[in-house]
Amino acid sequence: MSAPAPEPVRALRAPDAVGSTRRIRGWVQRSRSSGGILFLQVRDRTGTVPVTVRKDAVGEAAFKAAEAVQIEGTVEIEGTVAEDRRAPGGRELKATAVSIIHAGEPFPIVPEQTEEFLLDHRHLTIRSQDLVATIRVKAALLAAFRAFFEREEVLEITPPILTGNPAEGGSEAFTIDYFGRPGYLSQTAQLYLEAMIAPHERVYAITPSFRAEKSRTPRHLTEFTHLEVELAWCDLDGIVAFIERMIVEVLRDVATRCPEELTRLGRPPEELTGLAAPFPRLAYEDAVARLKAEGLPVEWGSDLGTAEERALTIAATRPIFLTRFPREIKAFYMRQTPSDPRTVEAADLLAPEGYGEIVGASEREIDVGKLVERLRAIGADPAEYEWYLDLRRHGNVPHAGFGLGVERLLRWILRREHIRDTTPFPRTPSRHTP
Ligand code: 4AD
Ligand code: MG
């Protein structure tokens, strides 16, 4: 009789698995040997299972080889499934045959290592249970967004990452040598999304965006996952309502896709399903007054940073829309408020519990003259934005959109101290390896 084919570890949990002979393969998470018995904990993508290896069951040579397998070494094991009430899946495997795929070298990650050491070994620490759960929630989050956009008839597009003009202020763009001409890594796909609404009306993109900000804060990465939406025939109120509905539906979906991972990481799924609209709205002007009353050094016209957003949201349990910002502190493409030329039709969504900005939204300026004036004011050459200005000359329509930082959202959902713990290989001013 031939050996059974390897199965996922979760197959051992089937009601009829007890007493049967099964084969699994995976990574050795723990190993302890005592008096001719070796206790292994074997992991694959579907779970972990304790494995008991007895010298008398597998033979002297196989036992010795199994004993020499290091943490994170890989094995294939055949055995009999037994009940084990103490094991996470309620099963153990009593080995009858062991083959070593790769015994491995001593695993460098051990308890009590410094944060720097762990980041230097990120290619190995991504196997830790918290990071595994985090990356699964991130995948669920992206899947939930895509499902939402499909329901809303918003089309996914693939904008370029290599660009000829910076879109969010040149000082924070990574410049590259593009065959002797200046090029930039994309800071936002927005301008391309705006071009795509004429043929498609409702579009989104999920791409990496790059910011050459030297900000060493727990919420800044130099490369992040940017989820951006652009909707034709939409104003500020329309885009704010869309974002609100999106956050409520997506978080509910994530809670049903991965309740165990959320619980493990300290966010009970009920907190996500319980989140209800409407989210409070707070005008920038009123936010400044509140911050001043709390003793923070801000004036009308100040940009609100990490500390200010923290103060505004620390006691909140629901996200807050901050609206109607001064024109000077916001990007050139935002629509001037018709009733107040000092402000723009913009809204930021701030996550509660102190986490701060996760979405930046605005209605777009559709007046070519005002766009040119704003480009000049920020020191940009309107000639370099000719193609963008062309969009206002051919089939110009009111439109609005937003960008959401996926890692920012995840940091709030999973209550992570630092944004780097929401992404497998974080990019910060001091690190672009591994
Ligand atoms: O507010 P931002 O700069 O807006 C834009 O780029 C718009 N053009 C987007 C659009 O309307 N299509 O960035 C949008 C979001 C922020 O709210 C934040 O969540 C995230 O992107 N973000 C960052 N996330 C991590 N690290 C950084 N350095 C980030 N900078 C922005
Ligand atoms: Mg912003």
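For the pair the stretch 301-376 and the stretch 169-221, the centres of their Cα atoms are 18 angstrom apart. Taking a sphere under 12 Å around the Cβ of residue 136 and counting the other residues whose Cβ falls inside, with K and R at +1 and D and E at -1, yields a net charge of +1. Excluding same-chain neighbours fewer than eight residues apart, the lysines reachable from residue 292 by a Cα-Cα span under 22 Å are 330. What whole-number value in cubic angstrom gives the convex hull volume per residue for the C-alpha atoms of the stretch 275-388? Once divided by residue count, the hull of the stretch 275-388 is 120 Å³. If you model the chain as an ellipsoid using its alpha carbon gyration tensor, with each semi-axis the square root of five times an eigenvalue, the axes come out at 51, 22, 21 Å, biggest first.
Mean projection of the Cα convex hull over all viewing directions, computed for the stretch 236-322: 6.7 nm².
Kindly list the residues of the stretch 393-427 that lie in the label zone of residue 135, defined by a backbone N under 11 Å from the point 7 Å along the Cα-to-C-beta vector. Residues 423-425 fall inside that zone. Considering only 321, 39, 174, the Gaussian network model of the chain with Cα springs below 10 Å gives its largest mean-square fluctuation to 39. Which of 266, 169, 360 moves most in a GNM of the chain, Cα contacts under 10 Å? The residue that fluctuates most here is 266. Candidate cross-link partners of residue 94 among the lysines, defined by an alpha-carbon separation under 28 Å and a same-chain spacing of 8 or more, comprise 55, 64. The calculated P(r) of the stretch 320-367, using every Cα pair and 5 Å bins from 0, goes 5, 24, 29, 20, 12, 7, 2, 0 in percent. Summing Lys and Arg as +1 and Asp and Glu as -1 over all other residues whose Cβ lies under 12 Å from the Cβ of residue 187 gives a net charge of -4. The modelled label-to-label distance for the pair residue 418/residue 264, using points 7 Å beyond Cα in the direction of Cβ, is 2.1 nm. Directionally averaged projected area (the stretch 70-131, Cα convex hull): 5.7 nm².
In the chain, if the dipole is taken from +1 on Lys/Arg beta carbons and -1 on Asp/Glu beta carbons about the Cα centre, which of 4, 164, 143 is farthest to the positive end? Of the listed residues, the answer is 4. If R0 is 30 Å, the Cβ-Cβ spacing of residue 67 and residue 433 corresponds to a FRET efficiency of close to 0.30. Cα centroids of the stretch 104-122 and the stretch 393-423: 31 Å apart.
Just checking the listed ones, 373, 230, 407: in the Gaussian network model of the chain with Cα springs under 10 Å, the one fluctuating most is 373.
The distance between label points at residue 306 and residue 113 comes to 2.5 nm (points 7 Å beyond Cα on the Cα→Cβ vector). If R0 equals 56 Å, the separation of the Cβ atoms of residue 16 and residue 393 corresponds to a calculated FRET efficiency of about 0.20.
Computed from the coordinates by the stated procedures, all read-outs in this text should not be read as laboratory data. All figures in this text were calculated on a predicted structure; none of them were measured in a lab. Note that we place each Cβ from the backbone using ideal geometry, even for glycine, and neighbour counts take in every protein chain shown.
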